[in-house]
Amino acid sequence: MPTTPQTLLAQDAAVEKVATGAQWAEGPVWIPARSAVRFSDIPGNRILEYREATGALEVYAADAEFTNGRALDHEGAVIQCSHGRRAIERDTGTAPDAVPSVSTLVDSWNGRRLNSPNDVVVKSDGTIWFSDPSYGIQKEEEGHPGQEEYGDRWVFRFDPASGELTPAVIDVEVPNGLAFSPDESILYVSDTSLGTPAMDGGPRLHGHAIHAYDVVSGRFARNGRIFVEVAPGVPDGFRVDVHGNLWSSSKEGVQVFSPEGERILQIAVPETVSNVCFGGDDGRTLYMTASSSLYRIRTTVTDASAALRTSEA
């Protein structure tokens with residue numbers, strides 16, 4: 001199992017800025033058929049794509065309703081979080097010359113609107129797990145003003161086959177990034193309450209940890225505990241590699257933790273990192289959205305995501 005910088009990063013690996021011009025870059029995902037990283041400029045209300053072959057940065061969609069995190073489903077479509085529509089959406093625009101084709105999968109729970117879905121993962125059984133903090137209804141530059149209609153901020157599990165939406169994690173103050181361990185026995189959830197303004201005059205919170213939960217019967221998250229605390233800054237988005245190492249965003253770059261919670265690598269990045277994804281034709285390039293820019297570095301590992309493995313098959 002990789003445990004050192006020498007075995008996690010490619011020989012002579014270096015951080016490279018490949019695109020810039022966003023106001024706040026977030027939610028990257030690799031689109032194999034387009035050989036591109038798709039990500040959001042949330043305050044700019046647009047979706048951008050970086051084409052690896054040409055180095056071009058293109059606007060994939062304007063007036064995108066403040067999308068954030070995204071992942072691939074087992075058909076290769078993009079599952080994305082919409083702050084503006086307060087919804088989980090599916091975009092089938094992933095062929096080389098495709099244009100956006102977006103449909104809403106779910107936008108309410110028990111008759112109450114979601115807050116502003118933030119990050120999402122697709123499990124091997126096709127279910128969609130997503131975090132639902134309040135950034136999009138709290139920050140004018142990230143969505144539209146609104147209320148927490150169900151009165152909290154949870155992680156949900158959505159089953160597209162049945163249409164069932166159920167709360168999965170209800171004890172993280174401001175749930176944000178999500179990822180499963182390689183065997184999907186553990187769900188990791190980050191708490192970014194440290195970087196969140198107080199809501200409705202309440203107290204300012206101080207969470208900056210990644211929590212771990214046992215996944216029971218493939219659908220229940222139990223036995224929550226703190227896996228690691230990330231500092232400086234907060235652990236926004238992150239990914240888990242095939243060996244179970246967790247690659248987390250932070251204020252000063254990317255911090256990598258072993259499955260046992262030991263920090264084994266720090267990658268310095270000139271801007272605050274919001275999220276990461278593995279991509280490139282061999283899946284071994286780590287792309288990092290950071291403030292206004294997109295960075296990358298070559299690694300020796302690939303993403304543990306079942307959805308990514310399926311799309312590459």
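Residues that are surrounded by fewer than 19 Cβ atoms within 10 Å (Cβ to Cβ) and closer than 26 Å to residue 289 by Cα are absent from region 146-167 altogether. Please verify whether residue 124 is within 19 Å of residue 277 (Cα to Cα), in contact (Cβ under 8 Å) with a residue 24 or more places away in the chain, hydroxyl-bearing (Ser, Thr, Tyr) and in contact with a helix residue (DSSP H, G or I) (Cβ under 6 Å, 6 or more places away or on another chain), treating the condition exactly as stated. The answer is yes for residue 124.
Just for region 85-126: of the residues that are among the basic types (Lys, Arg) and farther than 15 Å from residue 31 by Cα, which one is surrounded by the most Cβ atoms within 10 Å (Cβ to Cβ)? Let's see the steps before the verdict.
First, the residues of region 85-126 that are among the basic types (Lys, Arg): 85-86, 90, 112-113, 123.
If we keep only those that are farther than 15 Å from residue 31 by Cα as well, we get 85-86, 112-113, 123.
Working: 85: 22, 86: 24, 112: 12, 113: 17, 123: 20.
Among them, the one singled out is 86.
Listed here are the residues, each with its yes/no results for (1) in contact with a Ser or Thr (Cβ under 6 Å, 6 or more places away or on another chain); (2) closer than 22 Å to residue 38 by Cβ.
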{"residue": "87", "(1), (2)": "yes, yes"}
{"residue": "102", "(1), (2)": "no, yes"}
{"residue": "117", "(1), (2)": "no, yes"}
{"residue": "142", "(1), (2)": "no, yes"}
{"residue": "151", "(1), (2)": "no, no"}
{"residue": "165", "(1), (2)": "no, no"}
{"residue": "177", "(1), (2)": "yes, yes"}
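Out of the residues in region 255-286 that are in contact with a Leu (Cβ under 7 Å, 6 or more places away or on another chain) and β-branched (Val, Ile, Thr), which is nearest to residue 296 (Cα to Cα)? Within region 255-286, the match that is nearest to residue 296 (Cα to Cα) is 276.
Here is the figure for region 270-309: residues that are of a type in the set (Val, Ile, Thr), crowded, with 22+ Cβ neighbours inside 10 Å and touching a Phe, Trp or Tyr at 6+ places or on another chain (Cβ under 6 Å) total 2. For residues that are assigned to a strand (DSSP E or B), small (Gly, Ala, Ser) and within 19 Å of residue 95 (Cα to Cα), tally how many sit in region 62-78. Total meeting the criteria: 2.
For region 145-153, the count of residues that are touching a residue at least 12 places away in the same chain (Cβ under 8 Å), in a loop (DSSP other than H, G, I, E, B) and either within 24 Å of residue 278 (Cβ to Cβ) or of a type in the set (Val, Ile, Thr) (or both) is zero.
Being in contact with a Ser or Thr (Cβ under 9 Å, 6 or more places away or on another chain) and not in a strand (DSSP E or B) is the filter here, so list the residues in region 154-163 that pass it.
Taking region 154-163 as the starting set, the residues that turn out to be in contact with a Ser or Thr (Cβ under 9 Å, 6 or more places away or on another chain) are 154-161.
160, 161, listed by residue number.
Just the residues that are outside any loop (DSSP other than H, G, I, E, B) and crowded, with 22+ Cβ neighbours inside 10 Å, please, taken from region 37-49.
Initial filter on region 37-49 (outside any loop (DSSP other than H, G, I, E, B)): 37-41, 46-49.
Correct list: 37, 38, 39, 40, 41, 47, 48.
Residue pairs whose Cβ atoms lie under 6 Å apart, sitting 6 or more positions apart in sequence or on different chains, and linking a residue in region 79-90 that is of a type in the set (A, V, I, L, M) to a partner that is at pLDDT 95 or above and assigned to a loop (DSSP other than H, G, I, E, B), are 79/73; 87/107; 88/117.
In region 21-29 there is no residue that is surrounded by fewer than 24 Cβ atoms within 10 Å (Cβ to Cβ), among the aliphatic types (A, V, I, L, M) and in a strand (DSSP E or B). Selection within region 256-266: residues that are surrounded by fewer than 24 Cβ atoms within 10 Å (Cβ to Cβ) and assigned to a strand (DSSP E or B). The member of this set that is nearest to the chain's Cα centre (by Cα) is 257.
The values are calculated or read from the model by the stated rules, or taken from the named source; none is laboratory data. Because the structure is a prediction, the values reported are computed rather than measured. Note that we place each Cβ from the backbone using ideal geometry, even for glycine, and neighbour counts take in every protein chain shown.
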